[in-house]
Ligand code: THU
């Protein structure tokens, strides 16, 4: 059901908490090489929130994005299938940060295992500008488990 108390199927209060969690997580990002901190947070069906940060490496290409880390944290708690939304916060402040291509594929996997779209909520570092997407709109025609037969 959608209505004035929901945005993209996410209750407004939950969305606010999720954005706040992603913004707070960004302060803990491990981004000494890019100096581009990113925070993410996933919302589970029961309202629980789990955070992620980008985790960079001296071998630059090994760096992990905040969204992928947040989803991995949920997976490690056995909750991958319970993810209903993910918020990400970071960037220069002008436009909300949207997930990279690899993260879109990782989000699509969460949507697939959960059996429904994941709401993707993108925020500037100060939370002043928000952009909302569905997982499938960010990665149409995604490769997925069905293709493996
Ligand atoms: N990054 C994320 O964590 N999420 C995104 O959606 C885009 C990029 C990270 C990767 C790297 O640590 C830094 O931001 C600069 O690309």
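The values are calculated or read from the model by the stated rules, or taken from the named source; none is laboratory data. What you are looking at is a predicted structure, and each value in this text was computed from that prediction instead of being measured. Don't worry about glycine lacking a Cβ; one is built from the backbone with ideal geometry, like all the others, and counts go over all protein chains shown.
Answer with yes or no whether residue 40 is within 10 Å of the ligand (Cβ to nearest atom), crowded, with 20+ Cβ neighbours inside 10 Å and assigned to a strand (DSSP E or B).
yes
Given the condition within 12 Å of the ligand (Cβ to nearest atom), within 18 Å of residue 137 (Cα to Cα) and at pLDDT 95 or above, answer yes or no: does some residue in region 74-86 qualify?
Looking through region 74-86, at least one residue is within 12 Å of the ligand (Cβ to nearest atom), within 18 Å of residue 137 (Cα to Cα) and at pLDDT 95 or above.
Please find, within region 121-135, the residue that is surrounded by the most Cβ atoms within 10 Å (Cβ to Cβ) out of those that are more than 22 Å from residue 36 (Cα to Cα) and out of contact with any helix residue (DSSP H, G or I) (no Cβ under 7 Å at 6 or more places or on another chain).
The residue in question is 133.
Let's see how each residue does on (1) touching a residue at least 60 places away in the same chain (Cβ under 8 Å); (2) over 16 Å from the mean Cα position of the chain (by Cα):
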{"position": "9", "(1), (2)": "yes, no"}
{"position": "14", "(1), (2)": "yes, no"}
{"position": "20", "(1), (2)": "yes, no"}
{"position": "24", "(1), (2)": "no, no"}
{"position": "32", "(1), (2)": "no, yes"}
{"position": "41", "(1), (2)": "no, no"}
{"position": "45", "(1), (2)": "no, no"}
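Mind listing just one residue for me: the one in region 54-96 that is part of a strand (DSSP E or B) and surrounded by fewer than 24 Cβ atoms within 10 Å (Cβ to Cβ) and, of those, farthest from the chain's Cα centre (by Cα)?
So, considering only residues that are part of a strand (DSSP E or B) and surrounded by fewer than 24 Cβ atoms within 10 Å (Cβ to Cβ), the one farthest from the chain's Cα centre (by Cα) is 55.
Of the conditions (1) out of contact with any helix residue (DSSP H, G or I) (no Cβ under 9 Å at 6 or more places or on another chain); (2) under 20 Å from residue 127 (Cβ atoms); (3) outside any helix (DSSP H, G or I), residue 19 fails just one. Which one is it?
Answer for residue 19: the failing condition is (3).
Might you let me know whether region 108-120 holds any residue that is part of a strand (DSSP E or B), buried (at least 21 other Cβ atoms within 10 Å of the Cβ) and touching a residue at least 12 places away in the same chain (Cβ under 8 Å)?
The answer is yes, given that some residue of region 108-120 is part of a strand (DSSP E or B), buried (at least 21 other Cβ atoms within 10 Å of the Cβ) and touching a residue at least 12 places away in the same chain (Cβ under 8 Å).
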